[in-house]
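Have a look at the structure below before the remarks.
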Amino acid sequence: MFTARVALVTAAMVVAPATLGCAKKTPPPNVVVVDEPQSDGAGGAPGEGQAGTPTRKPPPGKPLKLRATLHGAGDLMALVKQTTTAWTPKQPIDPSAQIQAMLLQMGFGPGLWANLDLAGPFAVDATFFAQDPSNDLKLAGTLAAVSAKGVMDGMPSGQRPQPLGNGLWELVQGELRVLLREKPKALEFALSNADLERAAGLAEEAGQGRRLRLRGTDLPPGMLETSAISGLPAGLRRQVLAVLREATAGSLELDAGTDRDLVLQLSADAPFSRLGLSPLGPARTDPTALEAVLPASPALVVAMPWGTPEVLHTALDKGVPLSQIPAPFDVVAKDAIAAAHAVLDQVQSDVVFALYLSPKGEATAVLAANVKDEAGARAAIRGIEQALAKGFAAFDSLTGEDKSAKINFTLKTDGAKAGPVKGDLLTIPVPKNMAKEAADLEPFLVGKKKLEAASFVTGNLAVFTVGAGATKVAGDIGGALKGRKTSLGADVGLRLARAASQGCHFCVSVDPAALLRLSVLSSAEARADKARLKKIETGAAAFTRIGGAVGVGVKLDPNLGSLAVGVPKAVLVPSPADAAQLSELFGDKAEPARPNDKPLSNKGAAREPSPAGPPA
């Protein structure tokens, strides 16, 4: 949950220099005030570390390098409060008040938080061994401050830094020594003089780009292995895990605020080229010409730039064991594979898969692509259609005299009109003996009795539609080839996917409310609950009204891969009425109210009860 992450990172950066010295509750040793800081090692003998302690032999391998930057923390916390107030008005979360309460409980004075500049840059840069973090630790950082002295005065009385002169301070706790330096708008800290010099350059970087950035380099092998990809097919999952085991760097970036959409991007430097990326063209950062001819408002859409199909040709040949397919379907499969190869060779530029759900509950899937040659693409698609026709005819021949089991598939070449364009119409009636099993397919069926598919090719555009609205959608696309007022090119989810991923190869837009509605309509049992269905339809309409969509972008370059998510601000902070409808839509149950978090004042901070912490 990004709420908890923002609060945690903010708190960690804020109290970093102080908490480094809070391991023991003993007063600091006497410190001699001098004009210049003491040398690294605090006067220890050669071969000794801080405070004269013997140094340990570093672990094998390279140390891990980690840098975290944050700016606009105050606005991020304001967004958390706005979002939780909108979605859970009885349980709003005020991160600023909760962090103040936490600091107070830890012994910090209220002046520490008041003297931090929550709009300014915060940064931490560390180098350490993952196996032994305290061994040869290098640490530097900077905190944006209204008053650096005010921040230090707010530290617990037993752990306050001691002056060294010239704006330098020292915090010594046991074997740990932290150097601090006052700046007009910052408090810099480090574990050594050399690191303190590096701290000055961190603030400028922290104030640029996305608000929260975390990057690690020289990662130990296997550090980025994750179970989060368990939903992938087994073979692909093994390939991706093998690539991630060799990741040398990784990063997390978050941007959000009261004036912008939320985007989150996870990236890894790893040999993604091993996945076979040749079918992918250049990552898309802008809407494509193909999207401009397709209808707006999909429930789901996946847009992909097209490269070269060699890898897909190989996978197709290896994935279909023609020698194991019995007659009469062996010939059918051979014809279908040959036609599929022909289709792959015709595709160019871009491919889009989209799923639409009409107000009446009619579901239609669309597969559209740019093609090289109109005649060649039409012949290739008809090759697949004819293979299907042969396959269904072969099936019907095996049913004998049982009419209830026959499919009676029909293919009408040029039998469908897509505006001014002629297309092919495929009709697949539901066999009578499968009527019960087909009940869950009702949103995709025409009159609950048959599945229709339409296809057409014109110019460099090929379109295949299937579902209850197949002919309607095909007609809509064909009739608007010269331009349409609204199109997929303006889809909010695709825009967010491209912005979040900074260019994506798999650009996905998801309307969660529409998919939930489709899942209910696809279940005969769920459809029977009319009251629940009405709530879902009302909530879905509200989600569409506020422009709701979630963007997901996957970028796969040869040595860099990323997964990004974008959520529009309108979804994060809806109106109270919309939030109430959407909460019902996703089954949110009301919970007992709790007192609102209140910021701690300097006067009464010690007497105010601390609010409950945020949920895990």
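The values are calculated or read from the model by the stated rules, or taken from the named source; none is laboratory data. Model, not experiment: these values are computed from the prediction. Cβ: placed from backbone, ideal geometry, glycine included. Neighbour counts: every protein chain shown. Please note that ligands, DNA and RNA were not included when accessible areas were found on the heavy atoms of the full protein model with its side chains. Shrake-Rupley method; radii C 1.70, N 1.55, O 1.52, S 1.80 Å.
Rounded to the nearest 0.05, the FRET efficiency derived from the C-beta distance between THR88 and GLN502 at R0 = 35 Å is 0.60. Listed by chain and number, the lysines whose alpha-carbon sits under 29 Å from that of LYS183, ignoring those within fewer than 8 places in the same chain, are LYS24, LYS25, LYS65, LYS138, LYS149, LYS603. The ratio of the alpha-carbon radius of gyration of region 533-578 to the globular-protein estimate 2.2 N^0.38 Å is 1.63. Annotation: region 392-495 has a Kirkwood hydrodynamic radius of 15.4 angstrom, from the mean reciprocal C-alpha pair distance.
Residues SER323, SER349, SER501, sorted by accessible area with the largest first, give SER323, SER349, SER501 [1.4 Å probe; ligands and nucleic acids excluded]. Accessible surface for region 273-370, divided over its residues, is 47 Å² per residue with a 1.4 Å probe.
Based on the Stokes-Einstein relation at 37 °C and a viscosity of 0.692 mPa s, and on the Kirkwood radius from alpha carbon pairs, region 262-335 is assigned a translational diffusion coefficient of 198 µm²/s. Comparing ALA144, TRP169, HIS505 along the charge dipole axis of the chain, the residue lying farthest to the positive side is HIS505, per the Cβ-charge model. Averaging the sequence gap over all C-alpha pairs within less than 8 Å and six or more residues apart, then dividing by the number of residues, gives the chain a relative contact order of 15 percent.
Coupling constants for region 252-257 follow from the phi torsions by the Karplus curve (6.51 cos²θ - 1.76 cosθ + 1.60, θ = phi - 60°), and in residue order they are 10, 10, 10, 10, 6, x Hz; glycine and proline get x.
Using only side-chain charges placed at the Cβ, +1 for Lys and Arg and -1 for Asp and Glu, the dipole size of the chain relative to its Cα centre rounds to 1360 debye.
Phi angles of region 279-290 translate, via the Karplus equation with coefficients 6.51, -1.76, 1.60 and θ = phi - 60°, into HN-Hα couplings of x, 9, x, x, 4, 9, 10, 10, x, 9, 4, 5 Hz per residue; Gly and Pro are given as x. Computed over region 312-377, the alpha-carbon pair-distance distribution with 10 angstrom bins reads 17, 32, 30, 18, 2, each value a whole percent. Computed on the Cα atoms alone, the convex hull of region 213-315 gives a volume of 169 cubic angstrom per residue. Per residue, the average separation of C-alpha pairs within less than 8 Å and at least 6 apart gives region 378-476 a relative contact order of 22 percent. For a modelled paramagnetic label at SER523, 7 Å from Cα along Cα-to-Cβ, the residues of region 418-453 in reach, with backbone nitrogen under 18 Å, are 437-444.
Were the residues from GLU204 through ALA289 laid out at 0.36 nm apart, the gain over their Cα-Cα distance would be 26.6 nm.
Carbon-plus-sulfur accessible fraction, region 428-472 (probe radius 1.4 Å, protein heavy atoms only): 61%. Rounded to the nearest whole angstrom, the semi-axes of the ellipsoid equivalent to region 68-195, taken from the Cα gyration tensor as √(5λ), stand at 29, 18, 15, largest first.
Scaling the Cα radius of gyration of region 299-420 by the globular reference 2.2 N^0.38 Å produces a ratio of 1.25.
Whole-percent P(r), region 377-448, all Cα pairs, 5 Å bins from 0: 3, 14, 20, 20, 19, 14, 7, 2, 0. Of the labelled options [x] -0.76, -0.93, -1.14; [y] -0.49, -0.65, -1.03; [z] -0.60, -0.74, -1.00, which one gives log10 I(q)/I(0) by the Debye sum over Cα atoms at q = 0.07, 0.08, 0.10 Å⁻¹ as computed for this structure? Given [x] -0.76, -0.93, -1.14; [y] -0.49, -0.65, -1.03; [z] -0.60, -0.74, -1.00, the structure-derived one carries the label [z]. Rounded, prolate or oblate: which one fits region 87-136, using the alpha carbon gyration tensor with axes a ≥ b ≥ c (rounded when a/c is under 1.5, else prolate when a/b beats b/c, else oblate)? It is prolate, given that a/c is not under 1.5 and a/b is the larger ratio. Placing a label point 7 Å from the Cα of ASP153 along the Cα-to-Cβ direction, the residues of region 84-111 with a backbone N closer than 16 Å are 108-111. Length available on full extension from LYS62 to LYS318: 0.36 nm per residue minus the Cα-Cα distance, which gives 88.0 nm. Were the residues from ASP373 through LYS360 laid out at 0.36 nm apart, the gain over their Cα-Cα distance would be 1.0 nm. A cut-off of 5 Å between modelled amide H atoms, ignoring neighbours fewer than 5 places along the same chain, links SER349 with TRP306. Taking every DSSP helix (H) stretch of at least 4 residues in the chain, weighting each as -39,500 (n - 2.57) and dividing the sum by the residue count yields a mean residue ellipticity at 222 nm of -9500 deg cm²/dmol.
Using θ = phi - 60° in the Karplus curve 6.51 cos²θ - 1.76 cosθ + 1.60, the 3J(HN,Hα) couplings for region 472-480 round to 5, 5, 4, x, 5, 5, x, x, 10 Hz; x is entered for Gly and Pro.
Annotation: for a label point projected 7 angstrom from Cα along Cα→Cβ of THR308, residues of region 337-373 with backbone N closer than 18 Å are 341-350, 372.
Placing pseudo-labels 7 Å out from each Cα toward the beta carbon at ASN135 and ASP440 gives an inter-label distance of 5.5 nm. Largest first, the three principal axis extents of the alpha carbons in region 434-492 are 42, 28, 15 Å in whole numbers.
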